[in-house]
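To start, the structure itself, in structure tokens.
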Amino acid sequence: MEANAQRDADSQARDSQAKDRQDADGQANFDRVIKEDSRIEPKDWMPDAYRKTLLRQISQHAHSEIIGMQPEANWISRAPSLKRKAILMAKVQDEAGHGLYLYSAAETLGQSRDKMTADLIAGKARYSSIFNYPALTWADMGAIGWLVDGAAICNQVPLCRASYGPYGRAMVRVCKEESFHQRQGFEILLELAHGTPEQKQMAQDAVNRWYAPALMMFGPPDDDSPNSRQSMAWNIKRFSNDELRSRFVGMMVEQVRVLGLTLPDSEIRFNEDTKKWEHGPLDWNEFHEVLAGRGPCNAQRLERRREAHDDGAWVREAAAAYAAKQSLKTKEYAA
Ligand code: BYC
């Protein structure tokens, strides 16, 4: 009896030593890959905290794409022409595709899509603050495309170089599609801005409402961003929240002139000393209220997502039944 217990204890000690060695080798490889600015792939060893951070960011990003379909889908049936309707439909479908690439990337980290979806509809998961604002007029389709997709590109181009392979690769395609989205938004605003005085006013009003929420998409100011430093050390994020926000303001300042509209911020200026664009103060209380679930549309967005999930149950059941049938057929054929 005693001999058996001793054998078990020896075997456990050997396993634990082997695991420690594996972890040490894995950590050394991980550190080398990050230092060389190369890529970590799903089967590589990675620190638990790195996995957790990636899962957090990628799943939030996926949820944003899916919830982000709602404000624009709201206008598909009211688009002013067949051409505009077709373009908007294609854009909203692209966002669904982005969600799918990102859920797939997150799944490579060991989290099931069912679990991510369950967290979202239970209100436990975050998604971008921007999608909790209402799309009130057709001009909002222009402002969302120009400002929201514009901010998304500015944030996501550096993510194409994220150290986690599946995330970086998903971002390459997403960014190409976002560029088309931004141009279609710009073009909607350009047409309205050169239309009747009422149309121009509608475009200006939409830009006025979406400007500050779009700036908040980049996240809290650097002093108040608990995750940035570590995410930058791991080459997930390449620039801080404030750096990207400043770049974005610089881009928009040029483009708004071409539109013949203005940005609702009289404090925008280029700081010659820092060589950075600066903007007026943002209402960070509002940002935190939206993150806490108290934005103008939080409840409605989640409710709609729940309904869509319930409505889609039959599709998931049918797909699972079909897959089971196919797998049975394959087995019968092989036998
Ligand atoms: N909204 O330490 P920080 C699209 C949270 S969709 C909500 O700076 P991090 C589109 C943050 O999660 C594209 N939450 O965090 C789709 C953290 O909370 P937790 C959406 C925000 O991760 C359809 C806490 O605040 N883009 O383009 O270093 C139609 C502290 O922040 C927000 C992405 O998802 C926010 N705005 O940096 C049209 C980009 N900001 O998790 C268009 C990918 C911060 O600790 N994500 N929080 O509880 C990122 O680049 C980064 O995660 C962020 C935040 C820059 C957003």
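The values are calculated or read from the model by the stated rules, or taken from the named source; none is laboratory data. Note that this is a predicted model, so its numbers are computed, not measured. Cβ: placed from backbone, ideal geometry, glycine included. Neighbour counts: every protein chain shown. Please note that ligands, DNA and RNA were not included when accessible areas were found on the heavy atoms of the full protein model with its side chains. Shrake-Rupley method; radii C 1.70, N 1.55, O 1.52, S 1.80 Å.
Observations on the structure shown:
- Alpha carbon convex hull of the chain, projected area averaged over orientations, nm²: 25.0 nm²
- Measuring between their Cα centroids, the range 216-233 and the range 106-173 lie 16 Å from each other.
- Length gained on full extension, residue 300 to residue 272, computed as 0.36 nm times the residue gap minus the Cα-Cα distance: 5.7 nm.
- Assigned charges on the beta-carbon of Lys, Arg, Asp, Glu; the chain dipole about Cα centre (debye): 920 debye
- The range 27-102 and the range 175-194: distance between their alpha carbon centers, rounded to Å: 20 Å
- Shape category assigned to the range 1-65 from the gyration tensor of Cα positions, a/c cut at 1.5: oblate
- A dipole drawn for the range 203-308 from +1 and -1 charges on Cβ atoms has a positive end, and of 281, 270, 236 the residue lying farthest that way is 236.
- Calculated FRET value between residue 225 and residue 38, using beta carbons and R₀ = 30 Å, to 0.05: 0.70
- Of 194, 98, 181, the one that fluctuates the most in a GNM where the chain has Cα springs shorter than 10 Å: 194
- Cα→Cβ-extended label distance, 7 Å offset, between residue 104 and residue 320, nm: 2.2 nm
- Estimated 222 nm signal from helices in the chain, with DSSP H stretches of n ≥ 4 weighted -39500 (n - 2.57), rounded to 500: -22000 deg cm²/dmol
- Gyration tensor verdict on the range 211-260 (Cα atoms; rounded if a/c is under 1.5, prolate if a/b is larger than b/c, oblate otherwise): prolate
- For the range 203-316, a crude dipole built from +1 on the beta carbon of Lys and Arg and -1 on the beta carbon of Asp and Glu, taken about the Cα centre, is about 500 debye to the nearest 20.
- For the chain: accessible area per residue (Å², 1.4 Å): 54 Å²
- Amide H to amide H distances under 5 Å link residue 276 with 271, where only residues 5 or more positions off or on other chains count and H is placed in the peptide plane.
- Along the axis of the charge dipole computed for the range 107-201 (Cβ charges of +1 for Lys and Arg, -1 for Asp and Glu, origin at the Cα centre), the listed residues 166, 184, 127 are led at the positive end by 166.
- Gained length - residue 191 relative to residue 238, 0.36 nm times residue gap less alpha-carbon distance: 13.4 nm
- Taking the accessible area of the range 215-305, probe 1.4 Å, and keeping the other protein chains in place, the carbon and sulfur fraction comes to 49%.
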